[in-house]
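Trainee: Starting off with a structure, shown below.
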Amino acid sequence: MSAPSTEHRTDTSRTLVCSVLFLDIAGYSQRAVTEQIRIKDRFNEVLASSLAGLEARDRVVIDTGDGAAIAFLDDPERALFAALAIFDNVGELAVRMGINLGPVYLSKDINGQDNVIGDGINVAQRVMSFAQAGELLVSRSFYEVVLLLSGEYSTMFHAKTSQTDKHNRVHEVYAVSQAVRVGRRVAEAQARLRVQRRVPPPAAPQRATVSDAGMHFIVSGATRESVDAELARFAAEGAKVIAAPEQVGAKWMATFENRRASVRVNVEKLGMKTMVSASTREAVEAKVRELVSFGARIDQPIEENGGVWTAVLDEVS
């Protein structure tokens, strides 16, 4: 895929800080040539449709053979929106992505096409290399910038274990929640259905109720729409649906996980001490209470560092 025309861009040789989305097709090189051609054609179609609403002068697209790199020259949010749009359209293609915010040098390549080089794009590629198929990871620099744009973005990401590349450079990475993408598609599907049926959304919808059932929550409401709306709200916060909505008698009901109860808690022995860590304070508090009930004593109270909550206890007697 060649880079876009720059006939309207007057300052094409410069250094700037921008967001770079790097993506590739997992397992592409292991496929037969005819299959590679078919997959790449489909990939190019998805990429073109996902970028259709973005002015050519606002981005640079570079074909990397088994994928692409896209430098977004204006709003950092555009990189995130484009990545989510690609996931919406990609279908069965095994695509993985990484986004970084960093410095790049914008210039021309040997064919006169726009090109970007520098640490910004190099780190984007390394962040992508840590992702699994179907996963979107972002660097700490990108994560911190989008949080400044809107605090609501904090619910879209969760911190992952720091990764070290082949140059021994450590990268802090954050994953975009699968539930966020599911909730987005649910909301868009409902909007399309309303248009197709020509039924305007109710002025004052009846809200479903949510009941705490320990390891999960139960959503119940008079209409499926009210239950779907409540599921979408919690999906945006990272909760997973356990049982899809179904009608039980006169009500619609669904079940989703209790994240506080299901968050993984790590308990690690450090000599005579025990360290408890998890992604939420509630999960650490629950485990600390459990250990204290068996005779442990709190040595260092619960505190947050880099998105991880930890506490240190004396060894259980």
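Trainee: Within the bounds of region 112-120, is there any residue that is open to solvent by 30 Å² or more (accessible area, probe 1.4 Å), in contact with a Lys or Arg (Cβ under 9 Å, 6 or more places away or on another chain) and in a helix (DSSP H, G or I)?
Mentor: no
Trainee: Restricting attention to region 35-66, which residues are of a type in the set (A, V, I, L, M), assigned to a loop (DSSP other than H, G, I, E, B) and open to solvent by 40 Å² or more (accessible area, probe 1.4 Å)?
Mentor: Ala52 - this is the single residue of region 35-66 that is of a type in the set (A, V, I, L, M), assigned to a loop (DSSP other than H, G, I, E, B) and open to solvent by 40 Å² or more (accessible area, probe 1.4 Å).
Trainee: Looking at (1) hydrophobic (A, V, I, L, M, F, W, C); (2) farther than 23 Å from Lys160 by Cβ; (3) modelled with pLDDT under 85, which one does Leu313 not meet, given that it meets all the others?
Mentor: (3)
Trainee: Quick one: in region 134-152, of everything that is free of Cβ contacts under 8 Å to residues at least 40 places away in the same chain and open to solvent by less than 60 Å² (accessible area, probe 1.4 Å), which residue is farthest from Cys18 (Cα to Cα)?
Mentor: Here the answer is Gly151.
Trainee: Ok, one more. Mind listing whichever residues of region 202-222 are open to solvent by less than 60 Å² (accessible area, probe 1.4 Å) and either part of a helix (DSSP H, G or I) or at pLDDT 80 or above (or both)?
Mentor: Ala208, Val219, Ser220, Gly221, Ala222
Trainee: So, one more: Can you find, within region 94-148, the residue that is modelled with the lowest pLDDT among those that are among the β-branched types (Val, Ile, Thr) and more than 16 Å from His158 (Cα to Cα)?
Mentor: Initial filter on region 94-148 (among the β-branched types (Val, Ile, Thr)): 95, 99, 104, 110, 116-117, 121, 123, 127, 138, 145-146.
Subsequent filtering for residues that are more than 16 Å from His158 (Cα to Cα) retains 95, 104, 110, 116-117, 121, 123.
Numbers: Val95: 92, Val104: 93, Ile110: 82, Val116: 88, Ile117: 91, Ile121: 94, Val123: 95.
Checked region 94-148; the qualifying residue modelled with the lowest pLDDT is Ile110.
Trainee: Where residues in region 223-242 are crowded, with 17+ Cβ neighbours inside 10 Å and of a type in the set (Val, Ile, Thr), which of them is farthest from Val176 (Cα to Cα)?
Mentor: This residue is Val227.
Trainee: Does region 21-34 contain any residue that is within 22 Å of Val146 (Cα to Cα), touching a strand residue (DSSP E or B) at 6+ places or on another chain (Cβ under 9 Å), surrounded by fewer than 16 Cβ atoms within 10 Å (Cβ to Cβ) and at pLDDT 90 or above? Outline the logic, then answer.
Mentor: Just the residues of region 21-34 that are within 22 Å of Val146 (Cα to Cα), to begin with: 21-23.
Checking the rest, the ones that are also touching a strand residue (DSSP E or B) at 6+ places or on another chain (Cβ under 9 Å) come to 21-23.
Those still in the list that are surrounded by fewer than 16 Cβ atoms within 10 Å (Cβ to Cβ) too: none.
Within region 21-34, none of the residues are within 22 Å of Val146 (Cα to Cα), touching a strand residue (DSSP E or B) at 6+ places or on another chain (Cβ under 9 Å), surrounded by fewer than 16 Cβ atoms within 10 Å (Cβ to Cβ) and at pLDDT 90 or above.
Trainee: Tell me, yes or no, whether region 88-107 has at least one residue that is in a strand (DSSP E or B) and of a type in the set (Asp, Glu). First the steps, then the outcome.
Mentor: Step one: list which residues in region 88-107 are in a strand (DSSP E or B), which gives 95-107.
Going one step further and asking which of them are of a type in the set (Asp, Glu), we end up with none.
Among the residues of region 88-107, not one is in a strand (DSSP E or B) and of a type in the set (Asp, Glu), which makes the answer no.
Trainee: From the list Ala131, Ala79, Ala69, which residue is in contact with a strand residue (DSSP E or B) (Cβ under 6 Å, 6 or more places away or on another chain), buried (at least 20 other Cβ atoms within 10 Å of the Cβ) and part of a helix (DSSP H, G or I)? Don't jump to the end; show me each part of the working.
Mentor: Numbers: Ala131 fails: part of a helix (DSSP H, G or I); Ala69 fails: part of a helix (DSSP H, G or I).
So the residue among Ala131, Ala79, Ala69 that is in contact with a strand residue (DSSP E or B) (Cβ under 6 Å, 6 or more places away or on another chain), buried (at least 20 other Cβ atoms within 10 Å of the Cβ) and part of a helix (DSSP H, G or I) is Ala79.
Trainee: Applying the selection to region 289-315, what residues are surrounded by 14 or more Cβ atoms within 10 Å (Cβ to Cβ) and outside any strand (DSSP E or B)?
Mentor: Leu291, Ala296, Gly307, Glu315
The values are calculated or read from the model by the stated rules, or taken from the named source; none is laboratory data. Keep in mind that what you see is a predicted model, and the values were worked out from it rather than measured. All Cβ positions, glycine included, derive from the backbone under ideal geometry; neighbour counts span all protein chains shown. Just the protein is used for accessible areas: all its heavy atoms, side chains included, with ligands, DNA and RNA removed. Shrake-Rupley method; radii C 1.70, N 1.55, O 1.52, S 1.80 Å.
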